[in-house]
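What follows is a single structure, written as structure tokens, with notes after it.
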Amino acid sequence: MEIHPSADDRRIARLATAAIVLTVAEAAIPLPLPGVKPGLGNIVILIVLLRWGWRDAVWVGLLRVFASSLLLGQLFAPGFFLSLAGSLTSLATLGVTKHLPRRWFGPVSLSVFAAFAHIGGQLALARVWLVPHDGVFYLVPVFAAAATLFGLINGLVAARLLRDRIPAPAGASGQ
């Protein structure tokens, strides 16, 4: 049996690689609090969502979570499951919010929605599995501030890249 990757497969692999590289590089950044990360790989996922659609964004997002966890030696560790929960929640939110009017909801607002969903998914899993106590919710203000800050920054970077550097594919509708 021989597998012949399509042009779409190659594109998704290249985009997933970019997201993985950003995620692995981000792991080298010292963080003031555990779990507070800029989410640089999410810039790629947001660009994929807006250029090639939700299905491709899901592929890139899930490949990023699995491959970066494998490369960082955290596959199936609690951090992997937290990342997966956050990514799934974020991708589901992007799937819904992408259909909001683009006139009022662009890359920055989508990024902020995704960042809040990511943190929400992680906190929900942490509450149910790792810290079965409501005290975990005392961290909500810190994580909400980080989600706002990094969601805005990542959304602005994605918007700039979409506008200036990333050409739209021929015949792509962004759906």
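Remarks
- Only one entry in Ala28, Ala85 is at pLDDT 95 or above and either part of a helix (DSSP H, G or I) or within 19 Å of Asn154 (Cβ to Cβ) (or both), namely Ala85.
- Filtered residue count, segment 88-110, keeping only those that are open to solvent by 30 Å² or more (accessible area, probe 1.4 Å) and not in a helix (DSSP H, G or I): 7
- Selection within segment 1-20 - of a type in the set (Val, Ile, Thr) and either more than 13 Å from the chain's Cα centre (by Cα) or open to solvent by 90 Å² or more (accessible area, probe 1.4 Å) (or both): Ile3, Ile12, Thr17
- Pick from segment 47-63, criterion among the aliphatic types (A, V, I, L, M) and surrounded by fewer than 24 Cβ atoms within 10 Å (Cβ to Cβ), ranking: modelled with the lowest pLDDT: Leu50
- Within segment 31-82, the set of residues being assigned to a loop (DSSP other than H, G, I, E, B) and in contact (Cβ under 8 Å) with a residue 12 or more places away in the chain comprises Leu33, Gly35, Val36, Lys37, Pro38, Gly39, Leu40, Gly53, Leu72.
- For segment 111-123, the set of residues classified as of a type in the set (S, T, N, Q) and either surrounded by fewer than 19 Cβ atoms within 10 Å (Cβ to Cβ) or farther than 14 Å from Leu46 by Cβ (or both) consists of Gln122 only.
- Of the residues making up segment 124-160, those that are small (Gly, Ala, Ser) and within 29 Å of Ile47 (Cβ to Cβ) are Ala124, Ala126, Ala144, Ala145, Ala146, Ala147, Gly151, Gly155, Ala158, Ala159.
- Considering (1) over 11 Å from the mean Cα position of the chain (by Cα); (2) open to solvent by 20 Å² or more (accessible area, probe 1.4 Å); (3) within 20 Å of Ile153 (Cβ to Cβ), the lone condition that Leu70 does not fulfil carries the number (3).
The values are calculated or read from the model by the stated rules, or taken from the named source; none is laboratory data. Small disclaimer: the values here were computed from a predicted structure and weren't measured. For neighbour counting, all protein chains shown are included, and Cβ atoms are generated from backbone atoms with ideal geometry for every residue, glycine included. Ligands, DNA and RNA are stripped out before the accessible areas are found, and what is left, the full protein with its side chains, is counted by its heavy atoms. Shrake-Rupley method; radii C 1.70, N 1.55, O 1.52, S 1.80 Å.
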